[in-house]
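Scroll down for the structure; my scribbles are underneath it.
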Amino acid sequence: MSGPPPALSDTPAICLAFILLVPLAGAGLALINTGLGRARSAAQLMMSSLCVLSIAALAYFVCGFAFQGFPDQPAHWLTIGGKPWSWLADGHLFLHHVALDGSPASLAALLGMLSAGLTALIPLGAGADRWRLGACSISTALLAGWTYPLFAHWVWGGGWLAQLGSNYGLGRGFIDSGGASTIQAMGGLTALAIAWILGPRRGKYTHDGMPSAIPGHNAVLVLFGCVLALAGWWGLNASGAILFNGADRGVAVRVAINTILSAASAGLAAALITHTRFGKPDASLTANGWIGGLAASSGACAFVEPLEAAFIGVLAGVFVTLAVEWLELRVSVDDPGGSIAAHAIGGLWGVLSVGIFAELPLPASTAPVAARHPGQWLAQLVGIATLIGFVLPLTYGLNWLLDRAYPQRVSVEGERQGMDLYELGAGAYPEFMTHSEEFTER
Amino acid sequence: MKILGFLLLVSGWAIVLTAVALLTEGTPRAAFVLAGIGVECVGVALLIRAHPVRRGEHE
C-alpha cells in the first residue's frame, strides 16, 4: 500500500501559487486591448485573446519548452573565441522527460506556457480592428513555438546572454527578473512589426498625414484591466525572481511592493503629463503609463529598493506617454492599444534599469550580500542590442512571410462592417444596436 | 530602404557580439557595444522612413 503523496516543499508551492496568478495579467491585457479598440470589434478581440492564449499554450507544450529548456539541462553549444555559447536547448518535444512534480524545470514549463501567451497577447493591441483571427492565430504559433522560446533560452534557460557574466565578466550576466525582455520587450517589438505590416486603420490618417482621433470604446474595461493586470504582474515578477534568479521566497514581499510602486508612479506620471498638456488627465494614456510601469518593474523589481522602483516607474510613465504621441504623430504607426509604447519602451527601460539600479546577490556567496556589479550595465545593453538587432528582424520576417502566404489584414469590407459581424457573425453589444423598425409606427 | 534597415539592425547586433567575444579591455568593448547600438538606431530610423503611411491605400 502506497503512502500519501509527498507534499511540495514550501518554495515550489509558493512559486506555483504565484504562477497561477499570471493569467490575471492576460485577462487584464485582453480587457485593455478590447476597451481601447472599437465597439464593433470588441467580441472579435476578446475571442482572439482566448485563441491566442490557447494556441500559445499548445505551441509551447509541443516544442516551446524543448527549445527554451532550463539551466543545467542539455543544450546546443557553439564555441566562439574559446568560450561556449549555449544558443538552443536540446529538450524533448511534448514535455517528455520533464518530471511534473514541482521541480524547478516543471514550474518553468508552466510559467513558460502562460508567459508565451502573455507575450502573444501584446501584439493584439497594435493590430486591433484589422487583424484577422486566423492570421493572429498562426502568428501566435510562430511566436510561442519558436521566437519566444529561443530568446527565453538565452535569458532564462542558461543561454549565452545569461552566461555573459561567467564567460566575459559582464556583471552577473544578462538579468531579467520577471520578463521585461522575454515577455514585454519581445511582445512590444512584435506589436511594432504587426503594426507596420498591417498598416493603419482606415480613416486613421488623412491625405495630408494628420492622424484622426479614434477613441477607445470603453474606458471602464481599460481601467479595470489595469488593476487586474497588477495581480498578474505580482505573480509574474515573483515567480520569475524565484525560478530564474535564485531569489529566496521572501523576496516576494519586496517584489510586490516594488511592482505596485512602479505601476502607481508611472500611472500618476502619465496622468500629470496629460493633465498639464491637455488640461485634463487622459484615461487611455494613464492606463498605458500604468502598464508601462508594470513592464518596467519586471526588470529589476527583485533587486532594487522601493524608492528606486518608484523612480523607475516615474520615468516609465514619462517615456510611455511621450512614445505614444511620437508613434502616432511622427512615425505614423497606428497602435490602438498603445502596446508598442507600453511594452516595448517600458520593457527596454526595465532591462536597462537593472544595469543602473540593481544590487545583485554575489555569486556563490552564502551571506546575503548584494552589490552593484561593474559591467552589469554592459550585459544589459547587449541584451537590448539583441532584442532590437535580432528579435525585431526575426519576428518581422516571420510575420512578413506569413502575410505573403496568408494576408493578415482583414478586407476593406470587413473593416467597414466591423470585425465582430464580419468574422464572428455577431456583435459584442447586440442590445445597443439601433434598429430602424423600432422607431417606425405600426 | 526596408532591407537596408534590417541589414543595419543585424549588422549592429553583429558588432555588439564581436565586441563581447573578441575584446577584453573594458573601455574599447563598451565603445564598440555602444557603436553597435548606434548602428541599430540608424537601422530603426531607416525602417521608420521605409514604412510611411500609404496614403489613399488605407483611407
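General remarks:
- Per residue of chain A, the DSSP helices (runs of n ≥ 4 H) give a summed -39500 (n - 2.57) that works out to -18000 deg cm²/dmol at 222 nm.
- Hull-based mean projected area of region A:20-434, where the convex hull spans the alpha carbons, in square nanometres: 20.5 nm²
- Note on region A:55-168: Cα-Cα pairs beyond 24 Å make up 30% of the total pair count.
- Among the residues of B:14-20, the average count of other protein chain beta-carbon atoms within 10 Å of the residue beta-carbon is 6.
- For A:Ala75, distant residues with modelled amide H under 5 Å away: A:Asp90
- Between 0 and 90°, nearest 10: helix A:42-59 axis offset from chain A longest Cα axis: 30 degrees
- For region A:212-296, the ratio of Cα radius of gyration to the globular rule of thumb 2.2 N^0.38 Å stands at 1.27.
- Helix A:346-357 axis versus longest C-alpha principal axis of chain A: approximately 30°, rounded to the nearest ten.
- Per residue of A:378-386, other chain Cβ atoms within 10 Å of the residue Cβ number 5 on average.
Laboratory data are not the source of any read-out in this text; all were calculated from the coordinates shown. Remember, it's a predicted structure, so these values are computed and weren't measured experimentally. Heads up, the Cβs are rebuilt from the backbone with ideal geometry, glycines too, and the neighbour counts pull from every protein chain shown.
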